[in-house]
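Below is one structure, written out as structure tokens; the observations come after it.
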Ligand code: UD1
């Protein structure tokens with residue numbers, strides 16, 4: 001009785017390891033396919049060892065390319081491997097090109113897909129992740145929704161394949177927050193944490209320059225663990241970074257939680273970071289047109305600035321109202337509920 005999990009990028013590794021462990025405890029065999037979308041050690045093996053995710057059974061080594069190249073190559077190889085293994089189900093996470101390829105390859109072979117973190121929307125079809133999400137949600141057998149809002153989004157699109165399990169990232173966060181570790185680098189005591197790597201921010205020279213200039217206007221130091229995509233883009237535009245920005249290499253999950261816990265505020269375009277800092281009660285400024293976690297907007301804990309980039313320097317240090325509500329993301333038992341869905345899907349009721 002085998003299930004296949006498809007993953008390829010940093011956030012998928014931190015989402016997958018608790019499910020992997022729970023499946024093992026239930027006696028369900030899991031075959032782990034790494035597409036090779038992320039290949040840098042710091043986005044890859046360092047994260048595997050930090051969260052104790054076992055080595056993948058196969059690495060397809062697809063690497064970088066245009067969306068069409070990357071997705072197309074993955075689709076061909078995943079189709080071959082899934083066709084040979086014929087698993088009872090495929091598990092895919094979130095909204096990356098690896099998620100899209102795994103979901104599409106499996107569905108074309110008639111293998112049911114359990115899509116974890118389905119139903120999220122930010123209604124901006126310029127974002128590759130939004131396209132991936134919509135396709136995966138529509139063709140998966142089951143979408144395990146992190147929030148009730150995600151379930152509502154699916155219903156609005158006429159989909160009945162959603163179930164509210166709660167957010168797997170909350171389970172992981174609750175388990176790791178007390179084990180967070182400081183990165184090795186010497187850091188300023190008080191700082192704003194920045195993460196930015198999305199195509200729409202870093203591959204648009206004019207926007208990237210404006211964002212950097214906004215960061216330079218702030219009197220407080222900025223700590224930025226930099227994704228290779230952002231590092232390449234900044235090198236290409238030959239921009240000298242404002243002196244208040246401290247660049248450090250990408251960090252592990254435990255180190256990221258430490259940086260989130262100890263910062264005064266956050267600027268990000270990551271979906272996962274928005275939630276983690278909400279649970280920690282830090283004001284977050286999201287440099288996207290919209291957040292797909294609208295719950296985090298209540299009380300001003302999160303603000304999506306879109307094209308209003310001057311809001312970055314003006315609003316980052318605002319004081320939100322009220323308390324964040326982590327319960328919108330479940331009760332920390334998403335892993336169990338998701339693995340129940342896996343058992344039901346493969347028709348195996350052993351517990
Ligand atoms: C991908 C996901 C995004 C997720 C992010 C987490 C898609 C469409 N996007 O974005 O949803 O939030 O991962 O990191 O799947 N690169 C390296 N080394 C690596 C990986 C990437 O140098 O190990 C560089 C390459 O130049 C590559 C670029 O980053 O072309 C973009 O990588 P890609 O995997 O396409 O997307 P991410 O920006 O990482």
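Derivation of every value follows stated rules applied to the coordinates shown; laboratory data play no part. Here the structure is a predicted model, which means the values were calculated and not measured. Cβ sites come from the backbone with ideal geometry, for glycine too, and all protein chains shown count toward neighbours.
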Exercise for review: Determine the gain in length on full extension of the stretch residue 76-residue 139; use 0.36 nm per residue of separation and subtract their C-alpha separation, reporting nm with one decimal.
Suggested key: 20.9 nm
Study note, to complete from the structure: If R0 = 51 Å, then residue 220 and residue 86, at their Cβ-Cβ distance, give a FRET efficiency to the nearest 0.05 of 0.40
**Study point:** Cα centroid separation, the stretch 188-214 to the stretch 227-306 (Å)
**Key:** 9 Å
Review point. With axes computed from alpha carbons, what is the tilt in degrees of helix 253-262 against the longest principal axis of the chain, rounded to the nearest 10 within 0 to 90?
Key: 40 degrees
Check your understanding: Just from its helices, what would the mean residue ellipticity at 222 nm be for the chain, if runs of 4 or more DSSP H residues each count -39500 (n - 2.57) and the sum is divided by every residue, rounded to the nearest 500 deg cm²/dmol?
Key -> -12500 deg cm²/dmol
Review point. Of 133, 54, 198, which has the largest mean-square fluctuation in a 10 Å C-alpha GNM of the chain?
Key: 54
Practice item. Report the residue, chosen from 274, 290, 156, that carries the largest GNM mean-square fluctuation when the chain is represented by alpha-carbon nodes joined by springs under 10 Å. Key: 156
Exercise for review: Mind giving me the FRET efficiency for residue 68 and residue 175? R0 is 45 Å, r the Cβ-Cβ distance, nearest 0.05 is fine.
Suggested key: 0.75
Study note, to complete from the structure: Ranked by GNM mean-square fluctuation in the chain (Cα springs under 10 Å), the top entry among 216, 158, 36 is 158
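Would you order 81, 341, 3 from fewest to most other beta-carbon atoms within 10 Å of each residue's own beta-carbon? Mind dumping the intermediate values first?
Values: 81 17, 341 20, 3 25.
In order of increasing Cβ crowding within 10 Å: 81, 341, 3.
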Study note, to complete from the structure: Label model pair residue 205, residue 317: point-to-point distance (7 angstrom along the Cα→beta-carbon line) in nm is 3.4 nm
Revision key, fill the gap. Computed over the chain: longest principal axis from alpha-carbon atoms vs helix 205-216 long axis, angle to nearest 10 degrees, is 60 degrees
Review point. Tell me, 234, 220 in order of fewest to most beta-carbon neighbours within 10 Å?
Key: 220, 234
Review point. So, in Å, what gap is there between the alpha-carbon centers of the stretch 148-181 and the stretch 1-80?
Key: 20 Å
Review point. How far apart, in nm, are the 7 Å Cα→Cβ label points at residue 184 and residue 61?
Key: 2.7 nm
Check your understanding: For helix 97-108, what angle does its Cα long axis make with the longest principal axis of the chain, in degrees from 0 to 90 and rounded to 10?
Key -> 20 degrees
